[in-house]
Amino acid sequence: MTDRNMNPAAQAPARKPPRVTCAGTTIAMMRAPEGATAGEMGAAVGWQKHSVRGFIARTFKRRNDVKVLRARGEAGTRYRLVDRPAS
């Protein structure tokens, strides 16, 4: 018997770390308690403000599990995601 046959974990390929995507980064910023402005999200992922707003509109238009809250402030509109309660 070889070492590979004795230890099944040694045969398993190493897992890749999860991909970091622009969408994932934007959603994570919106899930923060204070939310984020379009400018902050755009700077983090390299998008323009109108692209961030379009992403928000497209992504959350038909999703019923989360709600986008918008609050206007001196720094601009802050976007925040909150989970909707299960029915």
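Worth a mention:
- Filtering region 46-69 to residues that are among the basic types (K, R), surrounded by 11 or more Cβ atoms within 10 Å (Cβ to Cβ) and in a loop (DSSP other than H, G, I, E, B) leaves only R63.
- Subset of region 28-45 (residues that are within 16 Å of R72 (Cβ to Cβ) and either in a loop (DSSP other than H, G, I, E, B) or basic (K, R) (or both)): E34, G35
- Out of R72, R80, one residue alone is touching a Pro at 6+ places or on another chain (Cβ under 9 Å), over 13 Å from A23 (Cα atoms) and either surrounded by fewer than 11 Cβ atoms within 10 Å (Cβ to Cβ) or in contact (Cβ under 8 Å) with a residue 24 or more places away in the chain (or both). It is R80.
- Close Cβ contacts (under 7 Å, 6 or more residues apart or on different chains) running from residues in region 43-68 that are touching a residue at least 12 places away in the same chain (Cβ under 8 Å) and under 19 Å from P33 (Cα atoms) to residues that are among the hydroxyl-bearing types (S, T, Y) and not in a helix (DSSP H, G or I) comprise I56/Y79; V68/Y79.
- Meets criteria (at pLDDT 95 or above, in contact with a Lys or Arg (Cβ under 8 Å, 6 or more places away or on another chain) and of a type outside the set (S, T, N, Q)) for G54: no
- Search result, residues across region 35-67 that are farther than 16 Å from T25 by Cβ and of a type in the set (S, T, N, Q): N64
The values are calculated or read from the model by the stated rules, or taken from the named source; none is laboratory data. Being a predicted model, the structure only gives us computed values, none of them experimental. Note that each Cβ is placed from the backbone with ideal geometry, even for glycine, and that neighbours are counted across all protein chains shown.
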